[in-house]
Amino acid sequence: MKMKLIAAAVSLIAAAPAFALNPTLTAAAITAGNVVRASGASAPTNIVFRGFQGLCKAGTLDTYSNKTVAAAIKPGSSAWGNFLAYSCTIPSGTAGFAADTNVAFLHTVDGGSINSLYGMSTDASQQVRFITDALTSCVDSNMTETDTSAKIYHKCAIAKKQSHGGFSDVEKQMWTTLFNTNPPIGVNVADVTVTAVPAGQAFGVAVSKALYEALQLAQGLTGCTGDNVTEACQPNITKRDYASIVNASPFSVTKADWSFLVPTSTQKVHLCRRADTSGTQASSNVYFLGNPCSSFEEQTGKRNPATVADSDVGFQVYDLAGTGDAKKCLSGDYVGYTTTASDFSIGVVSAENKPTVPATLGGVDGDSWRFVKLDGVSIYDGVGSRANVLNGKYDFAFELVLHTHPTITSTVANNVMTEVAAYLGNASAPAIDGLYRIADAKGTRGGNSCQPFAY
């Protein structure tokens with residue numbers, strides 16, 4: 001009888017359900033060294049989260065934000081902010097763990113892709129902020145993450161900490177000029193390992209709703225409203241149009257007003273661009289301006305991007321830290337931004353983002369921007385399809401990389417981030433807006449952002 005009772009008890013233990021972690025268990029995992037501190041690109045925020053979630057034991061995931069979360073949201077949304085964390089139990093045999101192990105993934109996307117390198121600096125002035133290890137300031141928001149229904153803890157304090165590396169929209173060579181003038185202290189850029197991620201990130205040209213409607217009218221899209229974002233109702237911007245807006249030349253007609261695309265318009269041009277440290281901005285520089293790729297010594301072909309210093313009477317440039325900031329700039333009606341909902345604003349946004357239809361304004365989670373076609377091809381079909389990237393018709397997309405360092409990146413961090421990277425190319429992974437598996441696409445850059453897409 002005793003043997004039967006013991007066997008029954010063991011059976012119950014083995015069958016015990018998995019429970020979500022909490023701040024105490026997550027802090028303990030961090031103290032034990034089972035932690036990843038990843039910094040870098042904001043564009044793939046949600047897909048990196050889903051990659052980590054794919055490693056987790058079912059039912060053990062929880063999530064953290066430094067913002068005040070008032071609604072069910074997912075990482076990557078404006079309301080989540082740039083400082084995030086996730087934790088779960090990773091089952092035995094995954095990412096090198098010998099037994100079920102609680103692991104924390106602290107993710108910072110503030111400042112963009114370049115911080116996948118600068119964040120590894122030994123100098124605090126170059127390091128990035130993460131949600132603090134103790135998590136004592138985090139409280140239950142009573143909200144859940146919309147992709148996974150994981151609990152959200154919010155109002156977490158943040159502080160600077162050395163990163164283990166992280167994900168980037170483009171490889172380190174795209175910032176050679178910046179690293180030459182301002183090298184990451186304690187990090188030899190030549191030693192940083194660039195690991196190709198088997199997934200790509202698409203980008204789109206986005207405009208304010210007011211400009212969207214003006215372009216619809218100017219291009220004769222009858223029967224279309226500003227809340228109709230189907231392909232048939234999307235106005236078009238050419239690559240030449242956008243290159244003319246974003247380059248630093250003060251003599252372009254695009255620096256005066258919007259009359260070059262919207263006849264008789266005297267509206268000011270508001271360029272909601274990302275900071276130089278952003279992978280989204282680096283992708284825009286490469287795609288539209290050939291910068292830094294067209295830098296041949298004999299005959300330089302690159303053009304420099306417009307910055308805040310190039311602002312003039314008819315042209316206003318904003319340098320924005322994160323994707324959420326760019327969407328706020330495009331939407332207007334937000335405290336801290338001088339754009340309004342009626343302004344004609346334009347910029348580049350990664351394609352995993354979706355405009356809110358109908359538009360909402362005035363709240364922390366409101367969006368009223370819209371994607372437009374680029375050279376007649378849409379990246380957004382109203383639901384987030386990546387079909388035009390996969391079929392080779394749309395090539396404003398870049399292949400993600402993982403930046404790590406042989407001594408700065410811990411074994412735990414390297415194993416987990418490498419597993420996340422591999423997961424992003426897994427055919428069984430859930431489809432995620434804006435992301436595409438390189439294996440599914442007709443075109444590739446061959447792991448080199450300077451190469452054009454080719455079949």
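The values are calculated or read from the model by the stated rules, or taken from the named source; none is laboratory data. Everything numeric in this text was worked out from a predicted model, so none of it was measured. Note that we place each Cβ from the backbone using ideal geometry, even for glycine, and neighbour counts take in every protein chain shown. To get the accessible areas, we keep the full protein, side chains included, count just its heavy atoms, and leave off ligands, DNA and RNA. Shrake-Rupley method; radii C 1.70, N 1.55, O 1.52, S 1.80 Å.
If you check ALA422, ALA397 for being closer than 30 Å to LEU374 by Cα and not hydroxyl-bearing (Ser, Thr, Tyr), only one passes: ALA397.
Taking the range 218-266 as the search range and keeping residues that are of a type in the set (Phe, Trp, Tyr) and part of a loop (DSSP other than H, G, I, E, B), which one is most open to solvent (accessible area, probe 1.4 Å)? Filtering the range 218-266 for residues that are of a type in the set (Phe, Trp, Tyr) and part of a loop (DSSP other than H, G, I, E, B), the one most open to solvent (accessible area, probe 1.4 Å) comes out as PHE251. Do we have PHE105 as closer than 30 Å to ILE185 by Cβ, among the aromatic types (Phe, Trp, Tyr) and touching a Lys or Arg at 6+ places or on another chain (Cβ under 8 Å) here? Judged against the criteria, PHE105 is not a match.
Per the conditions (1) modelled with pLDDT of 95 or more; (2) among the aromatic types (Phe, Trp, Tyr); (3) part of a loop (DSSP other than H, G, I, E, B), the sole criterion not satisfied by PHE296 is (1).
Listed by position, the strands (runs of 3 or more DSSP E) inside the range 55-161 whose residues that are β-branched (Val, Ile, Thr) and open to solvent by 10 Å² or more (accessible area, probe 1.4 Å) number at least 2 are 139-144. Does any residue of the range 18-37 turn out to be assigned to a helix (DSSP H, G or I), farther than 30 Å from ARG273 by Cα, at pLDDT 90 or above and in contact with an Asp or Glu (Cβ under 6 Å, 6 or more places away or on another chain)? Checked against the condition, which is being assigned to a helix (DSSP H, G or I), farther than 30 Å from ARG273 by Cα, at pLDDT 90 or above and in contact with an Asp or Glu (Cβ under 6 Å, 6 or more places away or on another chain), the range 18-37 yields at least one hit. Cβ-Cβ distances below 6 Å connect the following pairs, each with a first residue in the range 308-332 that is touching a residue at least 60 places away in the same chain (Cβ under 8 Å) and open to solvent by less than 30 Å² (accessible area, probe 1.4 Å), a second residue that is of a type in the set (Ser, Thr, Tyr) and in a helix (DSSP H, G or I), and a separation of six or more residues or different chains: GLY324/SER78; LYS327/SER78.
Within the range 166-188, restricting attention to residues that are in contact with a helix residue (DSSP H, G or I) (Cβ under 6 Å, 6 or more places away or on another chain) and part of a loop (DSSP other than H, G, I, E, B), the residue that is farthest from THR63 (Cα to Cα) is PRO184. Residues that are modelled with pLDDT of 95 or more, aliphatic (A, V, I, L, M) and out of contact with any Gly (no Cβ under 9 Å at 6 or more places or on another chain) do not occur anywhere in the range 165-184. Taking each residue of the range 441-452 that is closer than 13 Å to LYS172 by Cβ and looking for partners that are assigned to a loop (DSSP other than H, G, I, E, B) and among the β-branched types (Val, Ile, Thr) with beta-carbon atoms closer than 9 Å, six or more apart or interchain, yields SER449/VAL170.
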